[in-house]
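Single-structure report; data block below.
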Amino acid sequence: MTIQDPRPDSLPRRVWESVQRDELPPQTDQGRMKLVMNNLVLHIHPSKVAKPTLKFTYTWGLGGLAILLMMILAVTGVMLMFVYTPTPDSAYNDMLALKTEVWFGQLIRNLHHWSGNLMIVVAFLHMLRVFYTGGFRPPREFTWVLGIVLLLLVVAANFTGYLLPWDQLAYWAVTVGTSLLDYVPLIGPAISRLILGGPEVGAPTLTNFFGLHVAIIPLTMMGIISFHIWRVRKDTLSIPRNLDDAPLTRVEKVTTVPHLVSIEFVFALVMVALILLWSAWIDAPLEEAANPDHSPNPAKAAWYFMGLQELLLHFHPVFGAIVVPGLALASLAILPYLRFDLDAEGIWFRSRKGRQTAKLGALVGLIATPTLVLLPDRPARTATQPANHYQQQLGTAGGPVADADSLLQAGATHLWRVGVRSPAERVHAAGSGVHSADGDRRGLSRREHGADVALGGALAWTAHSSHRFRGAGSSSWPGARQGWRSWVRPAG
Ligand code: HEM
């Protein structure tokens, strides 16, 4: 008995149907739903969606935009890997080569750089959107928690990428950024050493950051993004409602093709065009080649860590670098597990009072943040914070100290007693003068700032071998960091 081959007579048609099984374009709703179910990419959507969720101003397309950015980053990142070698000798020259020798090299680098930065902004705005529309409430608690992990990974991906050009900006931003780890009690210094591949930023750090940036972080992100979207698909998107609408009983549904897919397609095209334009216009920054012996003054963290850096100026480092961010993250993670009025889901700002509060919060934030950043640091605070701790240290190292004045003296005496043993230490000793001048600019008296740095350096030197502090002489940040290091890890 022979079985008749049911496929079409034409060979090209048979080939096409082996790839695309469903009719294109589909003519019926059933066909449209089948198209979504049988397509690998479209399958991230359900075959039908609630009509109100199509309203653009509900989600602002932010989750989808994060996925688009992830795609652009993957494609441009793989292209950059054809040119880039992660060693201190080649990394910076490869960046120059992208500009001068490789066709469209600078454009590809710009696309990668700006998409990475935009991803932080987009993921954060997406979190705000979910927060203000109550999209984190049951059953979407875990989707929210996965989102927080994604936000951290987006920052980690940017941070590890920051070092790769191996220019001054990269070197010192990563030096400043990784030094925050030292404030983590007990395990911090060990983690810092593991990530840096040694005591300070160097060739092993570049290898480590490269591995994390091109393999470990992106693969983890792709896994968690898939999980995140799968959860959104299973729980459905929260359904938007106006403040005065009655609670939802029945919601009209429409097929995903073409209603949702067409909006996504147009939005993606517009965004790609804008990102391309921006990247064609504005180059990713590149400064002088990294120089471990000379830091820009002051060394700045990457923009997404500047808040943390600013906190460190005002508070004790354990509080600024560990307690505040730790509490913020823990509160975000616990948020969806608190008890809520579930009826408010899908309503922007929940109530009129909520809207007022959000507006007030945004206004206060927009005014207070720049004001606090621009205001000179209050001398009393910045000087006494370190003073207290150096004083404690001196309790064992050189005797008690009463105030900033005697602190300066004690610091100088200590320095003198310990002796300047290496060129790096000489640089640092001279650096405390520079710091005093910098302290003036920041509203500290010369004495207070000089005391801070001189004593910090002295304690650090007694605690550690001098090679660790190579090049940390001329910037206030690494200088202060050394002082803190010695406080976190006491001598001996
Ligand atoms: C790489 C980063 C991220 C990607 C690619 C991503 C992707 C998405 C997508 C495509 C959606 C559905 C459409 C939309 O709401 O725009 C969504 C929804 C959601 N996302 Fe994200 N997301 C990311 C980060 C986050 C973050 C940082 C949070 C919060 C901490 C979060 C929490 C949620 C929640 C709770 C939903 C469901 C919202 C609802 O039903 O209204 N996501 N995400």
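Do you know which of the residues in segment 112-136 that are β-branched (Val, Ile, Thr) and near the ligand (Cβ under 7 Å from one of its atoms) is farthest from Lys234 (Cα to Cα)?
Pass one, segment 112-136, residues β-branched (Val, Ile, Thr): 120-122, 130, 133.
If we keep only those that are near the ligand (Cβ under 7 Å from one of its atoms) too, we end up with 130, 133.
Working: Val130: 17, Thr133: 19 Å.
This residue is Thr133.
Inclusion of Leu146 among residues that are near the ligand (Cβ under 8 Å from one of its atoms) and closer than 30 Å to Pro336 by Cα is warranted.
Only residues that are away from the ligand (no atom under 16 Å from the Cβ) and not polar (S, T, N, Q) were counted across segment 208-231, and they come to 6. For segment 26-45, does any single residue satisfy the condition of being surrounded by 11 or more Cβ atoms within 10 Å (Cβ to Cβ), outside any strand (DSSP E or B) and within 13 Å of the ligand (Cβ to nearest atom)? Within segment 26-45 (the criterion being surrounded by 11 or more Cβ atoms within 10 Å (Cβ to Cβ), outside any strand (DSSP E or B) and within 13 Å of the ligand (Cβ to nearest atom)), the answer is yes, since at least one residue qualifies.
Evaluate the following for Asp244: is it among the charged types (D, E, K, R) and touching a residue at least 24 places away in the same chain (Cβ under 8 Å)? No, not satisfied. Among the residues that make up segment 325-343, is at least one of them in contact with a helix residue (DSSP H, G or I) (Cβ under 8 Å, 6 or more places away or on another chain), assigned by TED's automatic domain parsing to the domain that holds Ala156 and either without any contact (Cβ under 8 Å) to a residue 24 or more places away in the chain or not in a helix (DSSP H, G or I) (or both)? Within segment 325-343 (the criterion being in contact with a helix residue (DSSP H, G or I) (Cβ under 8 Å, 6 or more places away or on another chain), assigned by TED's automatic domain parsing to the domain that holds Ala156 and either without any contact (Cβ under 8 Å) to a residue 24 or more places away in the chain or not in a helix (DSSP H, G or I) (or both)), the answer is yes, since at least one residue qualifies.
Just to check your reading of the model, which residue among Ser262, Ser238, Ser192 is part of a helix (DSSP H, G or I) and touching an Asp or Glu at 6+ places or on another chain (Cβ under 7 Å)?
Working: Ser262 fails: touching an Asp or Glu at 6+ places or on another chain (Cβ under 7 Å); Ser238 fails: part of a helix (DSSP H, G or I).
Only one candidate qualifies: Ser192.
Residues in segment 46-73 that are among the aliphatic types (A, V, I, L, M) and either under 18 Å from Gly135 (Cβ atoms) or within 12 Å of the ligand (Cβ to nearest atom) (or both): Val49, Ala50, Leu54, Leu62, Leu65, Ala66, Ile67, Leu68, Leu69, Met70, Met71, Leu73. Would you say Pro189 is closer than 28 Å to Pro285 by Cα and either acidic (Asp, Glu) or assigned by TED's automatic domain parsing to the domain that holds Gln309 (or both)? Spelling it out, it is not the case that Pro189 is closer than 28 Å to Pro285 by Cα and either acidic (Asp, Glu) or assigned by TED's automatic domain parsing to the domain that holds Gln309 (or both). Of all the residues in segment 151-163, those that are within 6 Å of the ligand (Cβ to nearest atom) and either surrounded by fewer than 22 Cβ atoms within 10 Å (Cβ to Cβ) or not assigned by TED's automatic domain parsing to the domain that holds Gly211 (or both) number 1. Do the conditions hold for Met81, that is, is it touching a residue at least 40 places away in the same chain (Cβ under 8 Å), exposed (fewer than 15 other Cβ atoms within 10 Å of the Cβ) and away from the ligand (no atom under 16 Å from the Cβ)? So Met81 fits the description; yes. Of all the numbered requirements in (1) in contact with a Gly (Cβ under 6 Å, 6 or more places away or on another chain); (2) within 16 Å of the ligand (Cβ to nearest atom), Pro139 misses one, and that requirement is (1).
The values are calculated or read from the model by the stated rules, or taken from the named source; none is laboratory data. Quick caveat, the model's predicted, so the values are computed rather than measured. Counting neighbours? That spans all protein chains shown, and the Cβs are built from the backbone with ideal geometry, glycine included.
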